[in-house]
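For reference, the structure discussed in these notes is given below.
FYI, it's all coordinate maths here, none of it is from the lab. Remember, predicted model here, so these are calculated numbers, not experimental data. Reconstructed Cβ throughout: ideal geometry from the backbone, glycine too, with neighbour counts over all protein chains shown.
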Amino acid sequence: MIRNLTSLLAGLVFGFGLALSGMTHPEKVLGFLDVAGKWNASLLFVLGGAVGVTLVTFRFILRLSKPVLAEHFFITKETKIDRPLILGATLFGIGWGISGYCPGPAIALIASPNWELLAFLPAAILGAVAEKFFELRAQKKSAEQLSRKVTQPGIPTDTPITESPSDSSCG
C-alpha cells in the first residue's frame with residue numbers, strides 16, 4: 001500500500017512539475033526544439049534542474065544496498081549503442097518534434113484532452129506495442145539460433161544473455 005501511495009505522490013509531483021514548467025504546452029516544447037528558428041530557451045532551466053537533481057541524488061541513492069520501496073535496483077546491463085537504440089531514439093525524437101508531446105506531458109494532459117492529444121496517445125500506444133512485438137520476435141529468433149548452436153557439437157555455448165533495456169525500464 002505504501003508503494004502505491006508513494007507512486008501516486010511521485011506521479012502527482014511529476015505532473016505538477018510538467019504543468020508548471022510549461023511542458024504540457026506543445027508550442028512551448030516545439031519552440032525549445034526549434035534551435036534554428038525562434039528558439040525558446042526557457043526549458044533549459046527544466047533540463048538543468050533535472051540534471052542537477054540527478055547528479056546530486058544518484059550518488060547517494062546508488063550507495064544504498066537496495067531501494068527503500070523495492071527489493072533491488074533495476075539497472076540495465078546494456079551498454080552498447082546499437083541499431084534498435086538509434087532507430088528508437090530517432091523515432092521518439094521525430095514524434096516529439098512533430099507533435100510537441102512527450103509521453104509524460106501527454107499523460108498529464110488526459111485531464112484536459114484536445115484533438116492533438118487524442119491523435120498522439122493512440123500512436124504512442126501503437127509504438128509501444130510494436131516495440132514489444134519486435135523485441136519478442138528478436139528474442140525468439142535469438143533463442144532459436146542459440147538452440148541450434150547447442151545441438152551442434154564443438155560450438156561453445158557460454159554466450160552471456162543479458163536483460164534488454166525495456167525489461168528493466170519504467171515503460
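Have a look at Leu136, Leu146, Leu20 and tell me which one the Gaussian network model of the chain (Cα, springs below 10 Å) gives the largest fluctuation.
Comparing Leu136, Leu146, Leu20 in the GNM, the peak value goes to Leu146.
Taking neighbour Cβ counts within 10 Å as the exposure measure, how do Asp82, Asp34 sort from fewest upward?
On the way: Asp82 8, Asp34 12.
Exposure proxy ranking, most exposed first: Asp82, Asp34.
Which whole-number percent gives the relative contact order of region 1-90, counting Cα pairs below 8 Å spaced six or more residues apart? List each step's numbers first, then the result.
Values: 26 pairs, mean separation 11.8, N = 90.
Taking the mean separation of contacting Cα pairs over the length of region 1-90, I get 13 percent.
Please give, to one decimal in nm, the separation of the simple spin-label points placed at Glu71 and Leu5, each 7 Å out from Cα toward the Cβ.
2.4 nm
Restricting things to alpha carbons, tell me how big region 54-147 is in terms of Rg and Dmax, in Å.
When restricted to the Cα atoms of region 54-147, Rg and Dmax are 17.9, 51 Å.
What pairs from Lys77/Lys132; Lys28/Lys132; Lys77/Lys141; Lys66/Lys132; Lys66/Lys141 go past 23 Å between their alpha carbons? Walk me through the numbers on the way to the answer.
Numbers: Lys77/Lys132 18 Å; Lys28/Lys132 31 Å; Lys77/Lys141 20 Å; Lys66/Lys132 28 Å; Lys66/Lys141 34 Å.
Over 23 Å Cα-Cα: Lys28/Lys132; Lys66/Lys132; Lys66/Lys141.
Using 7 Å Cα-to-Cβ label points, what is the Glu78/Trp39 separation (nm, one decimal)?
3.0 nm
Distances longer than 22 Å among the Cα atoms of region 1-73: what percent of all pairs is that?
Working: 1126 of 2628 pairs.
Tail fraction, whole percent: 43.
Please give the length that would be gained between Leu136 and Arg59 if that part of the chain were fully extended, namely 0.36 nm times their separation in residues minus their C-alpha to C-alpha distance (nm, one decimal).
Contour length minus Cα-Cα distance gives 24.3 nm.
Any idea what angle helix 115-151 forms with the longest principal axis of the chain, computed on alpha-carbon atoms, 0 to 90 degrees, nearest 10?
Approximately 10 degrees, to the nearest ten.
Starting from the Cα gyration tensor of the chain, take the square roots of the eigenvalues, sort them a ≥ b ≥ c, and report rounded, prolate or oblate (rounded when a/c is under 1.5, otherwise prolate if a/b is larger than b/c, else oblate).
Details: a/c = 2.07, a/b = 1.52, b/c = 1.36.
Prolate shape, in that a/c is at least 1.5 and a/b is the bigger ratio.
Let me know the charge dipole size of the chain about its Cα centre in debye, to the nearest 20, where only the beta-carbon of Lys, Arg (+1) and Asp, Glu (-1) is charged. Write down the numbers at each step before the final one.
Numbers: 15 positive and 12 negative charges, 69 e Å.
Here the chain has a charge dipole of around 340 debye.
Using only DSSP helix segments of four residues or longer, with each worth -39500 (n - 2.57), what per-residue ellipticity at 222 nm results for the chain after dividing by its residue count and rounding to 500? Write out the running numbers ahead of the final one.
Details: 7 runs with 111 residues, N = 171.
Helices in the chain give a 222 nm mean residue ellipticity of -21500 deg cm²/dmol.
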